[in-house]
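Everything on this sheet refers to the single structure shown next.
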Amino acid sequence: MKGPITRIRFDKMEADALTGVRRAVVFLGLGVNAADNKGSLEYRLLNDSRIQLLPDVPDSVVEEWKSQFRIWIVGSAFRELVEHLCLLLDRIFYCTLIFAEPNSKVTFKEFERKGLDKKLACLFKEFGITTELDSPLATFYPIRTCFVHRLGRVGSEDVKSGPLKLEWASIRLFISTPSGEIEFPLEARHVHQIELPEGGAIMAQPLALRSRSFVLGDSIDLTAHELTEILYFAQIWIGQILESATGFARSRGVILADGRSETDQGNDVASS
């Protein structure tokens, strides 16, 4: 062990990461519902500032602004999710360095500067910490980079190796019948009474792979439902990556009190 800090709080890391997911869920819902509320067209800060930066405009213009606001909300929630996932990996790497033997060839400062995809690869290479969901999760970072540097418009930098691809996995509902499977969409606009054909049964696949591809000039236009699936996927991945980190800790002789934290021998560590 290095130094006096020997209690690794995997439980605190998990709680913080899931808080990030919940923030994205809540803000996504608040923002999308506000954008879809046709009775709300006020865009001026009536209670916060006397400065009016825009002139009065017709309702039709505000409605167009709100459609763009909806897109912005989804993209912002996605970016927030990615930042929280990066922070979780930073914390796992930092804490793993405490009990890892031999020491990693990568310093924490070097790791901290990597993107999500590179962090995943580094944790696997250095410590064998990984999950079966790392491959689709790694596709999040190039999408985030496009949002940050090109406002979500796919540029030549994004497609050097082919179309920009985003992958995730989510629950799949379908109706199984003797003659085949019938897809059952989960979008709210498809809410209706379920009618089963004779001999049919509703089935669920916990993690079915989803994907979107974008080419040069495309705008990344994730739907609110797609992001909801992505947030569901992220929750599952968080549990799996912390299980892998816990397994590595046990392999190094760390005694875990509750499956997420080590016995009390010093100060808590959940972040750098």
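The values are calculated or read from the model by the stated rules, or taken from the named source; none is laboratory data. What you see is a predicted model; the values in this text were computed from it and never measured. Positions of Cβ are backbone-derived with ideal geometry, glycine not excepted, and every protein chain shown enters the neighbour counts. SASA here: full protein model, heavy atoms, side chains in, ligands and nucleic acids out. Shrake-Rupley method; radii C 1.70, N 1.55, O 1.52, S 1.80 Å.
General remarks:
- Pairs where the first residue, in segment 214-236, is more than 12 Å from ILE171 (Cβ to Cβ) and open to solvent by 50 Å² or more (accessible area, probe 1.4 Å) and the second is of a type outside the set (D, E, K, R) and not in a helix (DSSP H, G or I), C-beta under 6 Å, 6+ apart: VAL215/PRO163; LEU216/VAL154; LEU216/VAL159; ASP218/VAL154; SER219/GLY152
- Remark: pairs (first residue in segment 146-166, in contact (Cβ under 8 Å) with a residue 12 or more places away in the chain; second residue open to solvent by 30 Å² or more (accessible area, probe 1.4 Å) and basic (Lys, Arg); Cβ separation under 6 Å; 6+ apart in sequence or on different chains) = PHE147/ARG79; LEU166/ARG212.
- Residue match in segment 33-40 (condition: modelled with pLDDT of 90 or more, in contact with a Leu (Cβ under 7 Å, 6 or more places away or on another chain) and over 30 Å from ILE236 (Cα atoms)): no
- Residue match in segment 167-176 (condition: at pLDDT 80 or above, open to solvent by less than 40 Å² (accessible area, probe 1.4 Å), part of a loop (DSSP other than H, G, I, E, B) and not aliphatic (A, V, I, L, M)): no
- Residue-level check: of (1) more than 20 Å from the chain's Cα centre (by Cα); (2) part of a loop (DSSP other than H, G, I, E, B), GLU126 misses just (2).
- Hey, GLY162 outside any strand (DSSP E or B), at pLDDT 95 or above, farther than 28 Å from GLN240 by Cα and out of contact with any Phe, Trp or Tyr (no Cβ under 8 Å at 6 or more places or on another chain) or not: yes
- Scan of segment 144-158 for residues that are surrounded by 19 or more Cβ atoms within 10 Å (Cβ to Cβ) and assigned to a loop (DSSP other than H, G, I, E, B), ordered by number: GLY152, VAL154
- Residues in segment 215-263 that are acidic (Asp, Glu) and either farther than 18 Å from PHE27 by Cβ or modelled with pLDDT under 95 (or both): ASP218, ASP221, GLU243, ASP258, GLU262.
- Residues of segment 123-143 satisfying the condition of being hydrophobic (A, V, I, L, M, F, W, C) and either open to solvent by 30 Å² or more (accessible area, probe 1.4 Å) or more than 20 Å from ILE8 (Cα to Cα) (or both): PHE124, LEU133, LEU137, ALA138, PHE140, ILE143
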